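Read the figures in this text as sums done on the coordinates, not as results from a lab. These numbers come from a predicted model, not from an experiment. Reconstructed Cβ throughout: ideal geometry from the backbone, glycine too, with neighbour counts over all protein chains shown.
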C-alpha cells in the first residue's frame, strides 16, 4: 500500500491559469501542472533558488523536490513542443497581500511604495487570518523600491501588491518575481476596504 503523500507548502499564485496554442485542435488533450509543480518552477526557474533551498521552502526533501521539478519541466516541454493546452492548477486557499500605507491603523491611507508602513495580510478562505505591519525600510534610506521591496515581498511570500502609484521599473521587477500589482483605481473601494 503506498504511503500517504505529504502536503507541500505552496505560496505562488499564477495570474492566469491556462495557456492555449494559437492553432488549437478541437478535443485536443490538455496538460495540467499541479500546484506543487507550479511552485517548483517558480522557486527554481523564476527565483533561481538552488534545489536544497527550494525544497526547504516547500517543506519537502531535496529528492522529492527533484522529482517535482523534473515532472513540471517535462509537462511544460510536452505542452510547448506538442502544441497542447497547459493548465496551471492553483490552490486558492491562502494569499498574502502587501500594502504600503502612511497610517499604522488604516492601511488604506496613502497607498505608495514609499509610504511609512508595510502591511502584510494573510487571507485564508477569503478571511484575514494574520496581519503583520512593519516600518518601510525605504523611509530610512534613499534606495529605490525595486531594490529593497522586491526581495522583502519575495521573503514574505507576497502574492499581490496593492498600491496607488508605482514606477514601471518596480512593477517590472515585481512581475519578474511573479508578484502581480493591482492599482487602487483598478479595483473597487469595497474590495480594498473588505480586507480590513
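Full-extension gain between residue 186 and residue 129, please, as 0.36 nm times their residue separation minus the C-alpha to C-alpha distance.
Full extension of this stretch gives 18.0 nm more.
State whether the range 94-193 is rounded, prolate or oblate according to the following rule on the C-alpha gyration tensor (a ≥ b ≥ c being the square roots of its eigenvalues): a/c under 1.5 gives rounded; otherwise a/b larger than b/c gives prolate, and the remaining case gives oblate.
Rounded, because the longest to shortest axis ratio a/c is under 1.5.
Where does each of 39-50, 126-137 land if you order them by average Cβ count within 10 Å, highest first? Numbers along the way, then the final one.
Details: 39-50: 18.8, 126-137: 12.2.
The densest-packed peptide leads the list: 39-50, 126-137.
Each label point is 7 Å from the Cα along the Cα-to-Cβ direction; what then is the distance between the points at residue 74 and residue 29, in nm?
1.3 nm
How much length is gained if the chain between residue 16 and residue 147 is pulled fully straight, taking 0.36 nm per residue apart and subtracting their Cα-Cα distance, in nm to one decimal?
44.5 nm
Relative contact order for the range 94-193 using alpha-carbon pairs under 8 Å, separation at least 6, rounded to a whole percent?
Taking the mean separation of contacting Cα pairs over the length of the range 94-193, I get 26 percent.
Rg to Rh for the range 18-88: what is it, with Cα atoms only and Rh by Kirkwood?
1.06
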